[in-house]
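All remarks here apply to the structure that follows.
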Number of protein chains: 2
Amino acid sequence: MNMANIEDVAKKAGVSVTTVSRTLNNHPYVSKKTKDKIYRAMEDLEYYPNNVAQQLRGKRKKMIGVIISYITNPFFAYLVDAIEKTALEYGYTLVVLQTRGNQKLEKLYVELIPKKQLDGLIITNLENATPQVINLIKEGKIVLCNRYIGNKDIPVISIDEEKASYEGTKYLIDSGHKNIAFCTGNVKNTHDYRFKGFLKALNESNIPFDNSLFFEYILGVDGGRSFIKKFIGLENPPTAVFSNGDEVAAGIISEARKYSVKIPDDLAILGFDDHPLASLTNPEITTIHQPITDIGEISTLTLLANLEGTSLPEPKELETSIIIRETT
Amino acid sequence: MNMANIEDVAKKAGVSVTTVSRTLNNHPYVSKKTKDKIYRAMEDLEYYPNNVAQQLRGKRKKMIGVIISYITNPFFAYLVDAIEKTALEYGYTLVVLQTRGNQKLEKLYVELIPKKQLDGLIITNLENATPQVINLIKEGKIVLCNRYIGNKDIPVISIDEEKASYEGTKYLIDSGHKNIAFCTGNVKNTHDYRFKGFLKALNESNIPFDNSLFFEYILGVDGGRSFIKKFIGLENPPTAVFSNGDEVAAGIISEARKYSVKIPDDLAILGFDDHPLASLTNPEITTIHQPITDIGEISTLTLLANLEGTSLPEPKELETSIIIRETT
DNA sequence: CTGAAAGCGCTTACAG
DNA sequence: CTGAAAGCGCTTACAG
């Protein structure tokens, strides 16, 4: 029960493989009668064209990839959702590639392009701008989105991170906070746009930043929980925290309840992203809304336009906004 | 700047393509000296083997897919995570295929196998057991997991849904509840194992089921919210609800607060899945724990074993347990 | 409107 | 240890 190929179909229909191929590709100049014969033969033989052979002859795979850190992070789940939806509309399927923080995988995933396993790639948080990556960006086969801390010349489809965090921090300051903690999932990095915006707002109000209020490696719900454990031991505790993520904020809220830390009276919290999660906690999370769907959609449209040589999507402002709920 | 192919490498290294191919495939019988020459040529030319051509010659693509409804549902995000992780360990990449409730897409995705776009497929909630699907299951190219309501003969890697929901319901009954609502994301279906288990527990305690307590189309957080809106108008309100999902439970909790419905005093809630979300709400969700990681891992190992003709993973009990928190 | 033949980039018997 | 040649399943000039 080997699978039928184009030759089997041609024989069964009594025509040449050329004609079968033409029918397959909706080429004109095939008579309706011949076409019908061929379609019948295909059905009888349960024929499916071998995409691999088609690709070797130059057809596009219609498969793109997206590199993320963790699919279990709702931010990425929603981003992947938007990308997949847009890709599907154009007949592309999506490969999800998780690095789980392992930078070596990034290189491996990028090589899927020259190996012809993938037409193109969206990278949501590029770590290493190797020459290979830069070339592929120039060729239009890689599009960067969400985050890239590095060379300003490389285009990244994202919100204005610095502005968003500046505005969020300013909102906390305007609410009367001076001692504000800053959390990040990575290490301290002066090129981090969110940290830059945070410092800018502080400077503007002549508030010095207390370095003991900088918290590294605060990632996800567990990161939020660990923050509270540190918080309760602090000599000079902050009155507010820039949590840098709604999952972190949710972890803070949950753990705060266990230690009877009152939110927002003892500690105000500003989230980031505006996940669905943000309105499910008690108190609900005040956060910075990101237009995730737009980011995913525009990234995909840009990549596909590059790949197919069609025109780029219209530029669209990726605006953020502060959603005031109950943690401030 | 066309990409180099195997012939270019052969010329550059002054050997035949056969020898280059052998080097590529770690074939023995290539002298170290020749190998070195070839590796140098590959580097100079930035050569990457064309996987498409390799596949046409019979190599495995090392690409599998998983069909889910929504990646934004955390249950699936965690399942996909486990599948991807296991696939990666065996050198496979994963394609995520979302149906978003559109059954037509399922057929399209299944056809990726005969079209040679995918080696195999994991289907998390098969809708239509077409002859094609059944054949592919027999050939070992499709593995079913999580859910399939239909022919009992088809193997599905999942928890014992009926038992889990029976035990959960029994727990509610033992806590003194008699008026228990049942939510489902679909329509009423007597073959639904969860509903069967629910009814079984009721029957055992001689509690008749009030049909007005059956709620269809209750899906996700919004489904939970809509449940509360119906709940407050009920003549004979339930004292507990089998929410059939932690997201639904979280929606119920959030909306209950707005209508001053006290949880669990006015309404006890039993979730399902045991998402991270379950311990982030206030009150935290009592729920039925599913071993998501095991389900994903075993499904993947089974598929890969079929594909590569190696031995199947050792059978492992997929046990559920009731995690008692604060909503009961 | 139809077909014979070359070729995409590899791998693999076969021969040495 | 090495190479010439056939072939995987298609598409596409070229010729009619």
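Exactly one residue among B:31, B:69 is more than 8 Å from DNA strand C (Cβ to nearest atom), more than 27 Å from residue A:130 (Cβ to Cβ) and surrounded by 15 or more Cβ atoms within 10 Å (Cβ to Cβ), and that residue is B:69.
Taking the criterion of being within 16 Å of DNA strand D (Cβ to nearest atom) and either over 13 Å from the mean Cα position of the chain (by Cα) or over 30 Å from residue B:14 (Cα atoms) (or both), would at least one residue in segment B:60-77 satisfy it? Within segment B:60-77, one or more residues are within 16 Å of DNA strand D (Cβ to nearest atom) and either over 13 Å from the mean Cα position of the chain (by Cα) or over 30 Å from residue B:14 (Cα atoms) (or both). In summary, residue A:69 fulfils each of the numbered conditions (1) more than 8 Å from every other protein chain (Cβ to nearest Cβ); (2) modelled with pLDDT of 95 or more with the single exception of condition (2).
Are any residues in segment A:134-177 more than 15 Å from residue A:303 (Cα to Cα), among the basic types (Lys, Arg) and modelled with pLDDT under 95, and if so, which ones? Listed by number, the residues that qualify are A:147, A:152.
Results for (1) within 16 Å of DNA strand C (Cβ to nearest atom); (2) closer than 26 Å to residue B:133 by Cβ; (3) assigned to a helix (DSSP H, G or I), shown as yes or no for each residue.
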{"position": "A:3", "(1), (2), (3)": "no, yes, no"}
{"position": "A:18", "(1), (2), (3)": "yes, no, yes"}
{"position": "A:43", "(1), (2), (3)": "no, yes, yes"}
{"position": "A:59", "(1), (2), (3)": "yes, no, no"}
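Within segment A:247-283, how many residues are in contact (Cβ under 8 Å) with a residue 60 or more places away in the chain and either on the phi > 0 side of the Ramachandran plot or assigned to a helix (DSSP H, G or I) (or both)? Residues meeting the conditions: 7. Restricting the search to helices (runs of 4 or more DSSP H) fully inside segment A:71-154 and requiring at least 1 residues that are touching a residue at least 40 places away in the same chain (Cβ under 8 Å) gives A:74-89, A:103-110. Only residues that are out of contact with any helix residue (DSSP H, G or I) (no Cβ under 8 Å at 6 or more places or on another chain) and in contact (Cβ under 8 Å) with a residue 40 or more places away in the chain were counted across segment A:199-229, and they come to 0.
Condition check ((1) within 14 Å of chain B (Cβ to nearest Cβ); (2) surrounded by 21 or more Cβ atoms within 10 Å (Cβ to Cβ); (3) within 25 Å of residue B:43 (Cβ to Cβ)) across all residues:
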site	(1), (2), (3)
A:111	yes, no, yes
A:121	yes, yes, yes
A:138	yes, no, yes
A:142	no, yes, yes
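For segment A:92-105, the set of residues classified as within 15 Å of residue A:120 (Cα to Cα) and either aliphatic (A, V, I, L, M) or within 10 Å of chain B (Cβ to nearest Cβ) (or both) consists of A:93, A:94, A:95, A:96, A:97, listed by residue number. Within segment A:302-323, the set of residues being outside any loop (DSSP other than H, G, I, E, B) and either of a type outside the set (A, V, I, L, M, F, W, C) or surrounded by fewer than 22 Cβ atoms within 10 Å (Cβ to Cβ) (or both) comprises A:302, A:305, A:306, A:307, A:308, A:321, A:322, A:323. Any residue in segment B:31-43 that is within 14 Å of another protein chain (Cβ to nearest Cβ), over 39 Å from the mean Cα position of the chain (by Cα) and either closer than 22 Å to residue A:136 by Cα or not charged (D, E, K, R) (or both)? Yes, that holds for at least one residue. Do we find that residue B:64 is more than 7 Å from DNA strand C (Cβ to nearest atom), closer than 27 Å to residue B:92 by Cβ, among the hydrophobic types (A, V, I, L, M, F, W, C) and touching a helix residue (DSSP H, G or I) at 6+ places or on another chain (Cβ under 8 Å) in this structure? So residue B:64 passes the test.
Selection over segment B:200-227 of residues that are closer than 30 Å to residue B:72 by Cα, among the hydrophobic types (A, V, I, L, M, F, W, C) and either touching a Phe, Trp or Tyr at 6+ places or on another chain (Cβ under 8 Å) or not in a helix (DSSP H, G or I) (or both) gives a count of 6.
Within segment B:5-16, the set of residues being assigned to a loop (DSSP other than H, G, I, E, B) and more than 7 Å from DNA strand C (Cβ to nearest atom) comprises B:14, B:15, B:16.
The values are calculated or read from the model by the stated rules, or taken from the named source; none is laboratory data. Source: prediction; values computed, not measured. Please note: Cβ atoms are built from the backbone with ideal geometry, for glycine as well, and neighbour counts cover all protein chains shown.
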